[in-house]
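J.: Submitted below is the structure of interest, expressed as structure tokens.
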Amino acid sequence: MKSFKKVLIPVTASALLLNACGNNTTDSKEDTLISSKAGDVKVEDVMNKMGDEQIANSSFQILLNKLLADKYKDKVDTEKIDKEIEKEQKQYGGKDQFESMLKQQSMTLDDYKEQKKLQTYQKQLLNEKVDISDKEIKEDTKKGSHILIKVKENKDDKEGLSDKKAKEKAEKIQKEVDKNPDKFSDIAKEESKDTASAKKGGSLGYVIKGQMDDKFEKALFKLKEGEVSDIVKTDYGYHIIKADKESDFDDEKGKLKSQIIQQKVQKEPKLLTDAYKSLLEEYKVDYKDRDIKNAIEDSILDPEKIKQQQQQQQQQQGASPAMSSGQ
């Protein structure tokens, strides 16, 4: 089944907007990397072989790792990251299968761990640099559950019903919910065709504005805690939605803030630009090679190219609004 929540594509080091160039940029292409009686291998030779943009991306990512690790390594719980990776390994059937999957992506387990750390460092920086109040988090999030009566996507869809039968079943279930509102969770486990959330009594956790189907979201955000909606029709079928109590908001707001920031950064890359300008200025970054400097400015520093990268990633991952309870 598709995912009902819209997928956020993480903004990683290779897709960052940065703009802090040194004043003493020089040409270093004549620098010799290897010498021999048959001739020398110079920086220029390697750059011609690999391409300026590839070298610029790799060089900048290494730099970024160093800056973020230096600034945040003492503020990040690396043991927590290790435990998260161990959990992922179990989900993939064990360490060997997980490493095999990584190998297909030309990554080792150590590479993956470093990537996870880097993403955590980046979140830390953005949490510091992008100002979002508790009030804004509260206004932009809502905790909810739902029961989905799925409409057939096509004739081969065995989970769904015809539109008419799905609506009739939804109406029947809504009467049952109205009669026994405390049984919402039990009814969701038994009846909902959103299998991921059904296992949790229909719980979707906290929903962030802009993350769901518009009709679904509009209905959820109108509800007060404990209220149940009328039947809501979306492209996925018929929903009965409940607004859940937000007693754990203080515990969850840090995670919610990071998700809201991620949404904002994807819509407005300048937020990321400003955060990294500040970081580069703090560490007095100075590019020593003119070609690498130009390649970084022409590719990594271009907001439009980052948007294009995000769109390509979304197309590759088939990221579209659909049904899942994942946070």
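Values quoted throughout were computed directly from the atomic coordinates according to the rules given, and no laboratory measurement underlies them. What you see is a predicted model; the values in this text were computed from it and never measured. All Cβ positions, glycine included, derive from the backbone under ideal geometry; neighbour counts span all protein chains shown.
J.: In the Gaussian network model of the chain, springs joining C-alpha atoms below 10 Å, which of Leu161, Leu33, Leu223 carries the largest mean-square fluctuation?
T.: So, out of Leu161, Leu33, Leu223, the one fluctuating most is Leu33.
J.: Which of Ser133, Ser100, Ser229 moves the most in a Gaussian network model of the chain with Cα springs under 10 Å?
T.: Ser100
J.: Ranked by Cβ crowding within 10 angstrom, fewest neighbours first, how are Tyr236, Tyr283 ordered?
T.: With the sparsest Cβ surroundings first, the list reads Tyr283, Tyr236.
J.: Under a crude label model (7 Å from the Cα following the beta-carbon direction), how far is Ser35 from Gln263 in nanometres?
T.: 6.0 nm
J.: Now, a different point. Please identify which residues in region 217-256 have an amide N closer than 16 Å to a label point set 7 Å out from the Cα of Lys165, following the Cα→Cβ vector.
T.: 237-238
J.: Describe numerically, in nm with one decimal, the distance between label points set 7 Å from Cα along Cα→Cβ at Gln54 and at Glu139.
T.: Label at Gln54, label at Glu139, 4.8 nm between them.
J.: Calculate for the chain the 222 nm mean residue ellipticity that helices alone would give, adding -39,500 (n - 2.57) per DSSP H run of length 4 or more and normalising by residue count, nearest 500 deg cm²/dmol.
T.: That calculation yields -16500 deg cm²/dmol at 222 nm.
J.: As a test of understanding, state the convex hull volume per residue of the chain from its alpha carbons, in Å³.
T.: It comes to 175 Å³ per residue, whole-number rounded.
J.: May I pose another question? Rounded, prolate or oblate, given the Cα gyration tensor of region 185-327, with a/c below 1.5 counting as rounded?
T.: prolate
J.: Principal axes first, then extents: for the Cα atoms of region 123-231, list largest minus smallest coordinate on each axis, whole Å, largest first.
T.: 51, 34, 23
J.: Normalised by the number of residues in the chain, what is the relative contact order in percent for Cα pairs under 8 Å and 6+ residues apart?
T.: Result for the chain is 35 percent.
J.: Could you work out which residue, out of Lys199, Lys83, Lys293, moves most in a Gaussian network model of the chain, that is, has the largest mean-square fluctuation with Cα springs under 10 Å?
T.: Looking only at Lys199, Lys83, Lys293, the biggest GNM fluctuation is shown by Lys83.
J.: Going by Cα centres, region 119-157 and region 273-292 are how many Å apart?
T.: 32 Å
J.: For Glu227 and Lys75, what is the calculated FRET efficiency with R₀ set at 41 Å and r taken between the beta-carbons, to the nearest 0.05?
T.: With a Förster radius of 41 Å, E is 0.55.
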